[in-house]
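The values are calculated or read from the model by the stated rules, or taken from the named source; none is laboratory data. The model shown is predicted, which means the values in this text are computed figures rather than measured ones. FYI the Cβ positions are ideal-geometry reconstructions off the backbone, even for glycines, and counts take in every protein chain you see.
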Amino acid sequence: MNVRSLLLVCVCLLFAVSELIAAEGPQKYTGWDEVHAGHKKATPVWTLPKATAPANMIWDIPSMPGELRSEQFFTPDVCAGCHEEIYNQWQGSMMGNAWKDPVFLAVYKHYLEKSKTDHEKEETAMCSRCHTPVGYVANESARYLTGKLSAPGEAGIHCDVCHSVSKSAGVGNGSFILEPGDAGAGEGGTKYGPRDDSTSPFHGTQYSDLHTRSELCGMCHDVAHAHNIMPIENTYTEWRTSPYNTGDPKTSTHCQDCHMRQTPAVAATGITERPDSPGFAAPEFMGGKKRDHVWQHWFIGGNATVPELLGNPEWAKMAQDRLAKAVTVSVQNVEPAKAAEILRFEVRVDNVGAGHYLPTGLTYVREMWLHVEVKDKDGKKLYESGGLDGKGNVDPKAVMYKTVLGEGGKERKPTFFLPTAVQVLSDKRIRPLGYSVEPYAVYLPKKVDGPVGIEVTVRYRSAPQFLINDMLGKDAPVLPIFDMGFAKQTVKVR
């Protein structure tokens, strides 16, 4: 079965799960109303020194539940009236579907059911802060899957969220400070962005230093445990400590320089061009100015599975394109080989395309691994590492790039249940512009006729198959696997 067929099966099964979540609704997840009270101490995770921070990053408490009303926010379709092309790019993105993602909803439902202690509930409650910012700051109880969110809440991370960020309280755990207008009263308010010469007949405009820099993305793309501030997702910090950050905002390559330059024609990674997209962000007759570059709002990352599940194949294809232009792989230092002896070689994987570690995000779940095969001249397999078993699980001896989180207690057991995690047990990933070299030793049989071939594939999957099986049971789909890089070398056998 090919990837597209697998995804079609996935969509049926996962949407069934989503419908079940919606149907269970109000009677199940009650008693969460005050769980967010401790979030003031957990966001931001940290703040940059004043000398290097954006001008509108301040030392303060970010927007908290109950401070705003959902009616103050415009829904994205209103913004589409002037910014149609940008809206069309955004609507199929993971940002636009942050609250519709059936995989997230299944995981979140699992957390809501399993969280028992105050600390576990506090951690679970933090999820909605970045997946439905409006639902969170408006204190909508439906963010705990007790019903249907308001339209601005259900729209996920949308125009009037990002462009109502007037300030940031720092980095991490949703450290945004929102100042929307009043949509219910027809008041556009002020929208913040990277231009100092924008005009609009509908709303005020104001230049924001924050919107020109990676710190805007870092508000949600650094995540720490709500109880003990243990790092969970460190995408921004990975960028900040990388060569892409020169220390000078003017010469650094920011998140936007890759993720807001990608188009269906170009992946815009570290090994591709990152071209300008000239044009208008709004119609000229409405005051739109012709720009050398209009920031693209496809917001493509490494998730090719969910966009396809949600019926957005163009976004899925762009994600696959990005994955395929993130790494290079090579076979090196191959020693002379003899039959009935050990064939030794190394595999080198370079992170050439990403401004953060590979993988990034929820790296205790992501799977990026090496599939290595040695075959004789007739294609007969002499060795394999990184293959799948009959249940779709990766060979446990494979080289796997990921983190492992651990629970508390004396045993410090590895865990996939995020609310109980208290430490990072291990971290094997590849730094930006860094590389990893893996040694292999393969015994060759006595009768090897002719040369042997070494084939290496870097493979990627959003989550382990056994984890999906455990969470969804009989409804679990088979998650697709995407290939990021391939190398082959032929070795003479003496």
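List of remarks:
- Between Lys375, Lys391, Lys380, the distinction of being out of contact with any Ser or Thr (no Cβ under 9 Å at 6 or more places or on another chain) and without any contact (Cβ under 8 Å) to a residue 12 or more places away in the chain belongs to Lys380 only.
- Neighbours by Cβ (under 7 Å, 6+ apart or cross-chain): first from the stretch 42-55, within 17 Å of Arg129 (Cβ to Cβ); second assigned to a loop (DSSP other than H, G, I, E, B) and at pLDDT below 95: Ala42/Ala226; Ala42/Ile229; Val45/Ile229
- All positions within the stretch 187-206 that are assigned to a strand (DSSP E or B), of a type in the set (Ser, Thr, Tyr) and surrounded by fewer than 21 Cβ atoms within 10 Å (Cβ to Cβ): Thr190, Thr205
- Within the stretch 96-118, residues that are farther than 20 Å from Leu479 by Cα sit with their Cβ atoms under 7 Å from residues that are crowded, with 18+ Cβ neighbours inside 10 Å and basic (Lys, Arg), at 6+ positions apart or across chains, in these pairs: Ser115/Lys121.
Yes/no matrix, rows are residues, columns are (1) outside any loop (DSSP other than H, G, I, E, B); (2) closer than 30 Å to Ala226 by Cα:
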| site | (1), (2) |
| --- | --- |
| Pro396 | no, no |
| Leu425 | yes, yes |
| Pro432 | no, yes |
| Leu472 | yes, yes |
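- Complete set of residues in the stretch 160-194 that are without any contact (Cβ under 8 Å) to a residue 40 or more places away in the chain and among the basic types (Lys, Arg): Lys191
- Answer residue from the stretch 280-328, given it is of a type in the set (Val, Ile, Thr) and modelled with pLDDT under 95 and is surrounded by the most Cβ atoms within 10 Å (Cβ to Cβ) among those: Thr305
- Scanning the stretch 410-419 turns up at least one residue that is in the same structural domain as Val442 (by TED's automatic domain parsing), modelled with pLDDT under 95, at negative phi and among the aliphatic types (A, V, I, L, M).
- Filtering the stretch 366-378 to residues that are out of contact with any Leu (no Cβ under 7 Å at 6 or more places or on another chain) and either buried (at least 18 other Cβ atoms within 10 Å of the Cβ) or modelled with pLDDT of 95 or more (or both) leaves Arg366, Glu367, Trp369, Leu370, His371, Val372, Glu373.
- Qualifying residues in the stretch 163-186 (those that are part of a strand (DSSP E or B) and in contact with a Pro (Cβ under 9 Å, 6 or more places away or on another chain)) - the one farthest from Asn234 (Cα to Cα): Leu178
- Helices (runs of 4 or more DSSP H) wholly inside the stretch 207-289 containing at least 1 residues that are farther than 18 Å from Val171 by Cβ: 255-259
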